[in-house]
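What follows is a set of notes on a single structure, which appears directly below.
The values are calculated or read from the model by the stated rules, or taken from the named source; none is laboratory data. These numbers come from a predicted model, not from an experiment. FYI the Cβ positions are ideal-geometry reconstructions off the backbone, even for glycines, and counts take in every protein chain you see.
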Amino acid sequence: MPAVDLAVMTKRDLNAALHALPADTNETHWTVANPEGAHAIAAGVDAPITVEIEGHAGYYCAGMNQRATVIVHGNAGVGVAENMMSGRVHVKGDASQAAGATAHGGLLVIDGNASARCGISMKGIDIVVKGSIGPMSAFMAQAGNLVVLGDAGEALGDSLYEARLFVRGAVKSLGADCIEKDMRPEHVAILDRLLADAGVAGVSAREFRRYGSARGLYNFHVDNASAY
C-alpha cells in the first residue's frame, strides 16, 4: 500500500505517479498524508484504485476521475469531482461550491453540507449529499441524480434539463422551469439504490420529494423571454 506524505513529496509527483499506473496495477490502495488543502490532489486518475486523503483537500480534488475511488477524510474545496467520468468520490466532511460540476458519471457522496451550485451542469453523475446544499444547485443540470437529505437553497434546478432532484428537507425556492413532480415507483427504486450505495440507512425514499424540468424553456418562446 503506497503511503505518500505531501510534506515530503510534491503533489505534482504524486499525480504523475497515479497517472502512470497501468490498468493491472497491484498498487491498488494509496494513502496521502498532510494534504494541507492542496489543490487538484488525485486529479485525472484513470485506474481502478483507492486513494485515501488524510485531511482537507483544496480545489478540484478528484477532478476528471475515472474508475478510482477517492476518499477525503476532511473537507473539500471548490469543484470536488468536477468533470468526473466514473468511479466514486466520498467526502467525509463538507464540500465547497460546484461539487460534481459538469460530471458525466460515477457517484459523489458528501457526508456534510455542500455549498452553492452543487451539481451545476451535471451530465450523468449521481450525487448524494447527507446534509444541505446551497443556492443555485443543479443549475442547467442535464442528466443524473442529485439526492439531498437536508435542505436546499434558493433557485434549485434553475434552467435544468432532465436531471432528477430528490430533496428530503425544505426547498427555499425553485429556479426557472423547475417544478415538483410525482414520485413514481421507478423513482423510488432509483432513490433506494442511491441511498444504499451511499451507505444511508434508516431513511425511506418516501420521505423525499422529486423535482424536475417543466420543459418550458427547451425552445425559445417570446412569452418566456423574462425567464431566460
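Things worth noting here:
- Of the residues Asp182, Asp177, the single one that is more than 20 Å from the chain's Cα centre (by Cα) and crowded, with 19+ Cβ neighbours inside 10 Å is Asp177.
- Residue check for Ala155: within 11 Å of the chain's Cα centre (by Cα) and farther than 20 Å from Ala205 by Cβ: no
- Identity of the residue in segment 153-174, in a loop (DSSP other than H, G, I, E, B) and aliphatic (A, V, I, L, M), that ends up surrounded by the most Cβ atoms within 10 Å (Cβ to Cβ): Leu160
- Filtered residues of segment 138-173 (kept if free of Cβ contacts under 8 Å to residues at least 24 places away in the same chain, closer than 10 Å to Met122 by Cα and of a type outside the set (A, V, I, L, M, F, W, C)): Gln142
- Unmet requirement for Gly124, which otherwise passes all of (1) in contact with a Phe, Trp or Tyr (Cβ under 9 Å, 6 or more places away or on another chain); (2) part of a strand (DSSP E or B): (1)
- Residue in segment 111-127 that is touching a Lys or Arg at 6+ places or on another chain (Cβ under 8 Å) and surrounded by fewer than 24 Cβ atoms within 10 Å (Cβ to Cβ) present: yes
- Residues being modelled with pLDDT of 95 or more, basic (Lys, Arg), out of contact with any helix residue (DSSP H, G or I) (no Cβ under 7 Å at 6 or more places or on another chain) and under 15 Å from Asp126 (Cβ atoms) are represented in segment 192-202 by at least one member.
So that you can scan it fast, the table gives a plain yes or no per residue for (1) in a strand (DSSP E or B); (2) on the phi < 0 side of the Ramachandran plot:
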residue	(1), (2)
Leu21	no, yes
Ala38	no, yes
Gly93	no, yes
Thr102	no, no
Leu108	yes, yes
